[in-house]
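Scroll down for the structure; my scribbles are underneath it.
Please treat every number below as a calculation from the coordinates, not as lab data. The model shown is predicted, which means the values in this text are computed figures rather than measured ones. A quick note on method: Cβ atoms are made from the backbone with ideal geometry, for glycine too, and the neighbour counts reach across all protein chains shown.
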């Protein structure tokens, strides 16, 4: 990822550019040089390229779900896309966060541990402004969040977290749950600073406001399922052919399934007063005729017509017509 600047360092850099302390031409010449990425052999990356590629695929699907959800929820143009998925230490991620910020600590059940869901301040304020009836514009000067604003943004984050279930279901059935929201990065130390994490960076555009959404996934959280984070596992669509034994077993279980069967002899309508005055021996008139067909229900679905009768001194019915599905 290279060197990550804090918000204070960024402000100092912009001030130096405005005052002329830094030459822009010199900076452009420097950027044209070949970039070299340092590698620490004492702390190798725990995420292979295959793992990062799978995470990229998962969050591409997630970004589409978030785009559809926010577009309908806010009634405005929203676009969320995956920019990158890269491994780095938690210290590097935490050091790059400016204050104030929306940091959501998310329990990643059934996996042990938590992930971080970061929402940029400008995007957060744009969401709040749109929900409260505004045009979805951000504020010019970044300030802290009020309790009401945090309560509004919490509701949105909970719904955005629920959208994670579907993209992850091919790997594991997760149940993400929001534990708490912090506005200061110092209070979101969920793991050791040297622990390796996968940082998923999403670009979000709400109306005319653009910002970032970062999802920080520690390696220790996904370590139990890291073998499933491979493209071979992800794209394995080979289905096992059903054997004759399996088919016969399914047929047998279906044949042995118990279903309720009832016959409707007729129907009648009574007023409440008539119902209260009913006495033993009273006769009720039904809407069906003596020679009419009786309805035979399987569960609550009409399936047969029958005639009443007696067989071996027991009341019985005789099926005279089968109601096919296409006849309904």
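Computed quantities for the displayed model
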{"quantity": "Net lengthening on full extension, residue 253/residue 14 (0.36 nm per residue, minus Cα-Cα)", "calculated": "78.8 nm"}
{"quantity": "Mean-position separation - Cα centroids, region 242-270 and region 106-155, in angstrom", "calculated": "52"}
{"quantity": "Stretch gain in nm, segment residue 68-residue 170, where the contour uses 0.36 nm per residue and the Cα spacing is subtracted", "calculated": "34.6 nm"}
{"quantity": "Per-residue Cβ neighbour rank within 10 angstrom, fewest leading, 269, 54, 76", "calculated": "269, 76, 54"}
{"quantity": "Extension gain from residue 91 to residue 291, taking 0.36 nm per residue of separation minus the Cα-Cα distance", "calculated": "63.5 nm"}
{"quantity": "Residue order, fewest to most surrounding Cβ atoms within 10 angstrom, among 258, 322, 171, 206", "calculated": "258, 322, 171, 206"}
{"quantity": "Viscosity 0.692 mPa s, temperature 37 °C, Stokes-Einstein D of region 42-234 from Kirkwood C-alpha radius, µm²/s", "calculated": "194"}
{"quantity": "Relative contact order %, region 84-141, counting alpha carbon pairs below 8 Å whose residues are six or more apart", "calculated": "21"}
{"quantity": "Evaluated at q = 0.16 Å⁻¹: base-10 log I(q)/I(0), Debye formula over Cα of region 264-311", "calculated": "-0.63"}
{"quantity": "Debye-sum result for region 89-169 in log10 I(q)/I(0), which assumes one identical scatterer on each alpha carbon, at q = 0.10, 0.19 Å⁻¹", "calculated": "-0.29, -0.94"}
{"quantity": "Over region 42-234, relative contact order from alpha-carbon pairs under 8 Å, at least 6 apart, %", "calculated": "36"}
{"quantity": "Neighbour-count ranking [beta-carbon atoms within 10 angstrom, fewest first] of 56, 51", "calculated": "56, 51"}
